[in-house]
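The values are calculated or read from the model by the stated rules, or taken from the named source; none is laboratory data. The structure displayed is predicted, hence computed values, not measured ones. Quick reminder, even Gly has a Cβ in these numbers, built from the backbone with ideal geometry, and neighbours come from all protein chains shown.
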Amino acid sequence: MDMKRDYYEDIQLLDSKVLWFWFIMLIASLVTLPFLLPNYHIYMVNYMAINVIVTVGLNILVGYTGQISLGHAGFFAIGAYGTVLLMTNLHFPFLLALICGGLIAAFFGFILGLPALRLEGPYLAIATLGFGMAITQVIGRWQVFGGRMGLEVPDLSLGPFVIDTDRQLYFVVVTIAFLLILAARNLMKTRVGRAFIAIRDSDIAAETMGVNLTLYKTLAFAVSAFYAGVAGGLFAFLLGFINPSTFNFILSIYFLAFVIVGGLGSIFGSIMGGVVMTWLMLTLDKVQELPYIGAVLVSFSDSWMNVAGLPNISSVIFGLIIILLVVFEPLGLYGFWIRTKIYWKTWPF
Amino acid sequence: MTNNNLFSVDQLTIRFGGLTAVDRVSFRVEPGSIFSIIGPNGAGKTTIFNCISGLYKPDSGSIIFKGEDIVGQKPHRIARKGIARTFQNIELFSRMTTMENLMLGRHIHMKTNVWTGATFFRRGSKAAQEEIKHRERVEEIIDLLDLQSARNQFVGGLPYGTQKLIELGRALALEPELLLLDEPSAGMNSEEKQDLIFWIKDIQDELGLTILLIEHDMKMVMDISDLILVINFGKQITEGKPEGIQKHPEVLKAYLGEDEVIA
């Protein structure tokens, strides 16, 4: 028998003093972090937090509800353009514009969710892929969206605070990421999240138990798109300038890779996936600068793997890491985490 | 038709291509009784269940539940009216715990939506209060079916017999008026079957449920059924009390083959 004394503990975030301690430590370190890091690293952490938001949202759809999406760059773009345009054209305050951007993305998620009711697996993958690509095409051709030239992102202010450095943006991005992660975790512990998971494990049983498949499948799309939309809105301010090619379909595939590398059906896994993969993405670009190995790798890539005449060794290594991770740990980084935890619990036996 | 008519099926027919899987089947179930459907493999028993729970849409005929024709309604609507079922091949949510599986059975009785679900941060929050309330209700079912040891385990790894019981528990958590059990004893050993018979009777007595049962274990069927419907090749052969069914010539023919062949 376990030691649970009441049912609230089943769903409580922090059910022991130890967890409370670590939770407070986490908040404290998140608050002090930007004062310890150099500027470029703060930019990287912001990038990570944004990717974590998308990954958590996409995991709700892919990992928890069992539906696939290769079009999340589309929702990301809708959130980014929505937020920026609402601020420049309609003079919405930042937070309101961000939420509305997310809601517009959610609305498109709902629309895309409707055909998804009849599509599964590879068919759904292609339908969502088409959606993601269509969005960038539409944005690229429409003057309201700045066309191929893109849009200048307006100045950012929150009430009396003007946010113009990465360090200031850090507090906005990380706070929002933090809240959205908690929200996702809560959602998965209660009625709606259970219905999502039930649909993944057995949609027939779920619907005969009273779960409205139409409602919950489209809802999963909408919630997931909302996360991607909010992340897109934040991303616009990280870059300061957005154009359609930022949101190409490779980005959608990266998002899916974050989810799978982090671990399907795990919020904590998604956090790890977003953080680690963003770090890899940004760091591998500099692989050529490594002493000795860098030069060798580049010449190897130039003579054997070069198709377009561009140095592509970083993509090759990135792909290799994904393959190895998935082969050796199908549960992703979350699987590593679980095994490490068990190891330390039983150490030294 | 009498007024206390809870559930009846009239002239139910469904075809798959050229095959008439269920052919003009009619029956009526008295409230609080156990009604069994038996027949050889492929007779159309599970197809009838799938029509009742809305997974299949019959070609003709009606299914009346509490005075309303439920043919053509979506499965989740039918569940909300008070019909729950189990499956022949277990359809549990394998990567959820027993508790969570049963909590899903409470889905239609709960109200938490995306917003209230995502934003509970205190014990007093609406979503948290609702969770607590329904977990207490689920605990009663766990106690009733003796599932305490499986409570917080993922159901995918549990023994077959336990999984069958959890499915029964999940159906009970919905608090149905009509319970459809599709071969609940399949894959159980004789001891587990004895327990199951006990539980089904217990459920009928304590909760006053009406039970529709598909079962291959004749001893169990004869033991607990009030009425038995026999079907073969989608057609109903006969209907009656257990004693009569056992000796019915048509039933013997369906199960054992033609007389001439044997003689």
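Structural remarks
- Checking each residue in the stretch B:121-130 for being surrounded by fewer than 23 Cβ atoms within 10 Å (Cβ to Cβ) and either more than 8 Å from chain A (Cβ to nearest Cβ) or under 10 Å from A:Arg191 (Cα atoms) (or both) picks out B:Arg122, B:Gly124, B:Ser125, B:Lys126, B:Gln129, B:Glu130.
- Residues being under 15 Å from A:Ile204 (Cβ atoms), of a type outside the set (A, V, I, L, M) and either in contact (Cβ under 8 Å) with a residue 40 or more places away in the chain or facing chain A (nearest Cβ under 7 Å) (or both) - total across the stretch B:73-95: 9
- All helices (runs of 4 or more DSSP H) inside the stretch A:1-96 with 2 or more residues being under 23 Å from A:Arg191 (Cα atoms) and of a type in the set (Val, Ile, Thr): A:39-59
- Scan of the stretch A:214-225 for residues that are in contact (Cβ under 8 Å) with a residue 12 or more places away in the chain and facing chain B (nearest Cβ under 9 Å), ordered by number: A:Thr214, A:Leu219, A:Ala222, A:Val223
- All of (1) at pLDDT 95 or above; (2) more than 14 Å from every other protein chain (Cβ to nearest Cβ) hold for B:Gly67 with one exception: (1).
- Single residue of the stretch B:51-76 satisfying the filter (among the basic types (Lys, Arg) and in contact with a Gly (Cβ under 7 Å, 6 or more places away or on another chain)) that is farthest from B:Leu145 (Cα to Cα): B:Lys57
- Complete set of residues in the stretch B:232-250 that are modelled with pLDDT under 90 and basic (Lys, Arg): B:Lys247
- Residues being part of a helix (DSSP H, G or I) and of a type in the set (Asp, Glu) - total across the stretch B:151-201: 4
- Among the residues of the stretch A:88-119, those that are surrounded by 13 or more Cβ atoms within 10 Å (Cβ to Cβ) and free of Cβ contacts under 8 Å to residues at least 40 places away in the same chain comprise A:Phe92, A:Leu96, A:Cys100, A:Ile111, A:Pro115, A:Leu119.
- Residue in the stretch B:136-151 that is crowded, with 19+ Cβ neighbours inside 10 Å, within 8 Å of chain A (Cβ to nearest Cβ) and either closer than 25 Å to B:Trp199 by Cα or in contact with a Phe, Trp or Tyr (Cβ under 9 Å, 6 or more places away or on another chain) (or both) present: no
- The one condition in (1) more than 10 Å from every other protein chain (Cβ to nearest Cβ); (2) surrounded by fewer than 18 Cβ atoms within 10 Å (Cβ to Cβ); (3) part of a loop (DSSP other than H, G, I, E, B) that B:Pro58 fails to fulfil: (2)
- Qualifying residue in the stretch A:64-79 (condition: in contact with a His (Cβ under 9 Å, 6 or more places away or on another chain) and at pLDDT 95 or above): no
- Of B:Lys133, B:Lys111, all but one fail to be closer than 22 Å to B:His76 by Cα, loosely packed, with under 15 Cβ neighbours inside 10 Å and among the basic types (Lys, Arg); the exception is B:Lys111.
- Single condition A:Leu264 does not satisfy, out of (1) within 11 Å of chain B (Cβ to nearest Cβ); (2) within 30 Å of B:Ile78 (Cβ to Cβ): (2)
Here's the yes/no breakdown for (1) hydrophobic (A, V, I, L, M, F, W, C); (2) not assigned by TED's automatic domain parsing to the domain that holds A:Gly147:
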{"site": "A:Ala225", "(1), (2)": "yes, no"}
{"site": "A:Ala236", "(1), (2)": "yes, no"}
{"site": "A:Phe249", "(1), (2)": "yes, no"}
{"site": "A:Ser252", "(1), (2)": "no, no"}
{"site": "A:Leu290", "(1), (2)": "yes, yes"}
{"site": "A:Ser299", "(1), (2)": "no, yes"}
{"site": "A:Ile317", "(1), (2)": "yes, yes"}
{"site": "A:Leu331", "(1), (2)": "yes, yes"}
{"site": "A:Arg339", "(1), (2)": "no, yes"}
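- Selection from the stretch B:104-120 of residues that are under 30 Å from the mean Cα position of the chain (by Cα), at the interface with chain A (Cβ under 7 Å from one of its Cβ atoms) and either assigned to a loop (DSSP other than H, G, I, E, B) or of a type in the set (Ser, Thr, Tyr) (or both): B:Met110, B:Thr112, B:Asn113
- Top-ranked residue of the stretch A:165-213 - restricted to ones that are within 11 Å of another protein chain (Cβ to nearest Cβ), in contact with a helix residue (DSSP H, G or I) (Cβ under 9 Å, 6 or more places away or on another chain) and not in a helix (DSSP H, G or I), ranked as surrounded by the most Cβ atoms within 10 Å (Cβ to Cβ): A:Met209
- Screening A:Ala220, A:Ala225 for residues that are closer than 30 Å to B:Leu179 by Cβ, crowded, with 24+ Cβ neighbours inside 10 Å and within 19 Å of the chain's Cα centre (by Cα) leaves exactly one candidate, A:Ala220.
- Of the criteria (1) in contact with a strand residue (DSSP E or B) (Cβ under 9 Å, 6 or more places away or on another chain); (2) surrounded by 24 or more Cβ atoms within 10 Å (Cβ to Cβ); (3) not aromatic (Phe, Trp, Tyr), which one A:Leu85 fails: (2)
- Within the set A:Gly140, A:Gly130, the sole residue that is crowded, with 17+ Cβ neighbours inside 10 Å, closer than 17 Å to A:Phe76 by Cβ and small (Gly, Ala, Ser) turns out to be A:Gly140.
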